[in-house]
1. Quickly run through region B:278-295 and pick out the residues that are free of Cβ contacts under 8 Å to residues at least 12 places away in the same chain and under 24 Å from B:Ala342 (Cβ atoms).
2. For region B:221-235, enumerate the residues that are farther than 10 Å from B:Met254 by Cα and in a helix (DSSP H, G or I).
3. All but one of (1) hydrophobic (A, V, I, L, M, F, W, C); (2) closer than 18 Å to B:Tyr274 by Cα; (3) surrounded by fewer than 24 Cβ atoms within 10 Å (Cβ to Cβ); (4) out of contact with any Leu (no Cβ under 7 Å at 6 or more places or on another chain) hold for B:Met201, so report the exception by its number.
4. Does region A:81-93 contain at least one residue that is of a type in the set (A, V, I, L, M), surrounded by fewer than 16 Cβ atoms within 10 Å (Cβ to Cβ) and touching a strand residue (DSSP E or B) at 6+ places or on another chain (Cβ under 9 Å)?
5. Where residues in region B:366-380 are within 11 Å of another protein chain (Cβ to nearest Cβ), among the aliphatic types (A, V, I, L, M) and in contact (Cβ under 8 Å) with a residue 12 or more places away in the chain, which of them is surrounded by the fewest Cβ atoms within 10 Å (Cβ to Cβ)?
6. Give just the number: which of (1) more than 11 Å from every other protein chain (Cβ to nearest Cβ); (2) buried (at least 21 other Cβ atoms within 10 Å of the Cβ) does A:Gly153 not satisfy?
7. So, in region A:65-91, of the ones that are of a type in the set (Ser, Thr, Tyr) and assigned to a strand (DSSP E or B), which residue ends up farthest from B:Ala475 (Cα to Cα)?
Amino acid sequence: MEGLVVLAAPLSAFLLIGLLGRYIGDKASGIITIVAGAISFLFSIVVSFKSLHSPVQIKLYEFLPLEGYTLTVGFYFDALSSITAAVVTFVATLIFVYSIGYMHNEFGKWVYKFYAYLSLFLFAMLLIVLSDNLLGIFFGWEGVGLASYLLIGYYHNQKKATNASLEAFVMNRIGDWLFIFGIIATFLIFKTLDIVEIFERVPTTESALIGLATLLLFGGAVGKSGQLPLHTWLPNAMAGPTPVSALLHAATMVAAGVYMVARLYPLFESAPQTLKVVAVIGGLTALFAALAATSHTDMKKIIAFSTMSQLGYMFLALGVGDMGGAMFHLTTHAFFKALLFLAAGSVITAFHHRLYDIYNFGGLKKYMPITYASFTVGALALAGIFPLSGFWSKDRLIGSYYEASFVWGLLGTVVAFLTAYYIFREGFVVFHGEERYKKFSEHEPQEMGAVMTVPMVVLGVMAVVAGFFEGWYMHAVGGEHKEIHLNIALTSVFVGVLGIALAYGVFVKRFLDPERTYEALKALHTTFKEQFFTEKLYHSILAAGYMSYSKVLYLVGERQFIDGIVNGTAYIVQSAGQGLRFLQAGKLNWYALGLAGGFALLAALLVFLIYGGGY
Amino acid sequence: MEKLLSLIIFLPLITAGVISLIRKEEVAKVASVVVSGIVFILSLVLFFNFDFSKPGFQFETKIDWIPALGISYHLGLDGMAISLIVMTALLFFAVFVWSWRVEDRPVLYTALFLMLETACLGVFSALDFFLFYIFWEGMLIPMYFIIGFWGHERKVYAANKFFLYTFFGSLFLLLGFASVIVYGYFATGEITFDYIEHLKMGYPLWLQLAVFLLFGIGFAVKIPMFPVHTWLPDAHVEAPTAGSVILAGVLLKMGTYGFVRYSLPLFPDASKYYIPLIFTLSVIAIIYAAMMAIAQTHIKRLIAYSSISHMGIVTLGTFALDKDALNGAVYMMIAHGLSSAALFFAAGFIYDRIHSYNMDDLGGLARYLPNFAIFFMISGLAGIGLPGLAGFIAEFLVLLGTFKAHPVWAVIAGTGMILGAAYFLYMYKRVMLEEDTIPDSRKERWAKLRDVEAHHVIPFVLILLVAFIMGLYPAPFVRLIDHTSKLVFGG
């Protein structure tokens, strides 16, 4: 029963704030959200300990009777789901605390809505994590889609935000469209939607459809986790408030795709072809997003591309068979990525939400030491520097890549280098060098209050120490234990340091003049920055194109053609002298005529069919 | 219980007669709300007394009417019919509450709507061809006047188009009924208009193939299916809010109801034969109408096209000839009845306050009408099939059932969920959001607007509550609807 509290707390908070928020005010709403998150976290810890060795399944009520099967709503607590729930609620609660500081005086009187949406977001994510059936996962799946729509578009007076939220929802729905058919196909193969039953039946089921079903399910993950080719919404989602970005990228939403594949891993393992696709998509996205991150200058977008890249890493790991490693990286990533976003948010708040471009900051380290330290810890963890958490999880992944094939290993190493470079480029430009912000702001930036710094410090500690739990984690979720390959570990740290050194050399020591280098590499830079022009392509062909095809079809097909025929017919009838007058003057006659005419036609038809037809 | 059904059907008509004799505005309004409320409660009594484990029609009444022609007053309900009756009663109650502030000829207005309610309830309960046809045509006249009298600028054009179109469809339906009755006479030597009797006949294939088309045209116009759909957007654009709500919520369901009640069980072989035709038209409707929807700047026209798109899902599910799909199709009738009603209420509210349906004249309303913004959003989410609301269960069942035998059709039809999200959110954005893009003069106007009042809140809350219940606890409703599927497919 403790398990249900995990879900009930954020749901109650959402309902309570949604219904009463405007009466109890923003502060109370914020506190309710935090308390609910904390309760959810505490109970998920309790549940984790209980279900670590013996999984618990709770069934609630009969939900949907289908032909030959009745779906029951239920939840499944095993090591994977309950530890993930604990991580999600932990990070989310810290972000909620941080939000109080970040959203202070933001956007008029609507902040209570923001807290309601946050609670909804957490609830939907927990639904994905804890549901024991595919349809329950889908409920959460669309739920995070809705919550992210509401949160990305939170500044709904701005066109940028509403466009981004619309794009996020629709693009997610493309993934959901594939996902729902994946669920349907899985149901038709296994005759059940219950994941525990599916796992039981996997070894004994031979079906050519499993490949298709898993591929469709993975399609859902591609949409939700912003992988190629459904990736453009993720960077644009940065239009939302920073806590949303942190939540979206660390604990909820994008992590859902990876988690879902890991959750259904026994099913995916029985479809090796699909795993190859997972690996290819993941690998390509990891590289693609890392390249894009090297050229962007938006404070938050760089981190967003970094997430996309790291998720690609996780998918690649899933694809080459290291489920435990992927999930462990998801966990460490949740800590350091949330940390990076909160640090970025702290900088943005210090400048009153007006500056976003990294080149507009500079030299902040002496004014904002805690933020600087947090960002650096997060960046070091992301770069995989020993002994921070990122080192352990990343090293394991790269080891798995090399085991699978040299090409994947090499790709992992290259991405590790790029990662270290782009994140330290951001760090050095923002926190070191000359104080360029003076052009835009007279005030000296300063550290925000404790509500914002304490969550950063806590996450910072986690980003440092989480890696030491690798052995325990693998043991719990049943991932295979792997020894550290010294040569891989050394190589990874080396390329990481190399990336940092490059960024340091270019952006602090200026061995290369950034402006001249930029001019020289402009074409390449633009290609990366425009994400290989995918976004432009989508927007012009898919979005704008769909609109104009629709408009043309409406004006020509609907208005001229179909309606033209209708109105033409009506005109002919009318000009034959009768038409509408029939209706107005003698309705009864018209009926009688119709009836008689109908019978006459019918009689003719019968005569024809009986005497003339071949029956 | 049997008499209760007749009472439910005719209570509104009697009330209509009484209020047109009294001719007092207050009486008419109070009576309409009270009577439609009673009808709704009584329909719930039927609903809770319906035993869905028992096969066959329930609450049956059969009284000889014109014995020489085999016409009888024959009523009865199955799972689909009782669901539709409860929904109809709910929507009419909502409409009367909503119309509390109507100023233009309120007595005639309520009387016509009460007549319409009787016709709608009758259509869903009649088990005699003659009776059915009377109710079917009976709904045409009040609706014609509602559009023609209380509509907007081009109301006469729209009313005539509506009338001609549906009348044209009705003629084919009449022809269809005539054909099977004549066939029945030749086959059994007796004339009968009774549905149950005809169910037992088992028409030969040639008759099925021919008459299916006659019925089909009649129903297709009403649904409306592509390409006989163009009357619907015009009718909606011109109709008053309450008229649109009933038109989208109830009247469209008559066509799909007809397919399930008549076409499937009476012409089972023809239903199989025409699958490719119906599927093609359904999928075109889903995608084409969704494209039409996003091309609009008129709110009601957009919602009208979204209705056509959703009706495509219903026809697809109906003719997938699968139990899950049929359950989904009927579920969609109810779900769409609720969501489209709520959306038309929302459109009507905007018009009441701002006197425009044009999205270019709107924008940024969310801040000024916060409560309305929530209702509008939930209504739309119900429409686009968000899990947790009734529409999702319907879509899921239809797609699941269709996927079994026709996976490619199902996957193509499934794109409706992407396109639906696009057109609804695009509309919401243009109407409610992006305050920064509208001129200041408009903001000043918006600042004076009044948010939803009690007579708006009650309909919204009632309708959306049912949508939530059906989305979160669908089991009893699916079992109820399954009662009809068993009737159609056996078992």
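1. Step one: list which residues in region B:278-295 are free of Cβ contacts under 8 Å to residues at least 12 places away in the same chain, which gives B:280, B:295.
The answer is B:Ala295, and nothing else.
2. B:Val221, B:Trp231, B:Leu232, B:Pro233, B:Asp234, B:Ala235, listed by residue number.
3. Looking at each condition in turn, B:Met201 falls short on (2).
4. no
5. So, considering only residues that are within 11 Å of another protein chain (Cβ to nearest Cβ), among the aliphatic types (A, V, I, L, M) and in contact (Cβ under 8 Å) with a residue 12 or more places away in the chain, the one surrounded by the fewest Cβ atoms within 10 Å (Cβ to Cβ) is B:Met377.
6. (1)
7. Checking each candidate, the answer is A:Tyr76.
For every residue, the table says whether it meets (1) within 30 Å of the chain's Cα centre (by Cα); (2) modelled with pLDDT under 75.
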residue	(1), (2)
A:Phe469	yes, no
A:Tyr473	yes, no
A:Gly479	yes, yes
A:Gly496	yes, no
A:Gly499	yes, no
A:Ala503	yes, no
A:Ala520	no, yes
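The values are calculated or read from the model by the stated rules, or taken from the named source; none is laboratory data. Model, not experiment: these values are computed from the prediction. As a convention, Cβ positions derive from the backbone with ideal geometry for all residues, glycine included, and neighbour counts pool all protein chains shown.
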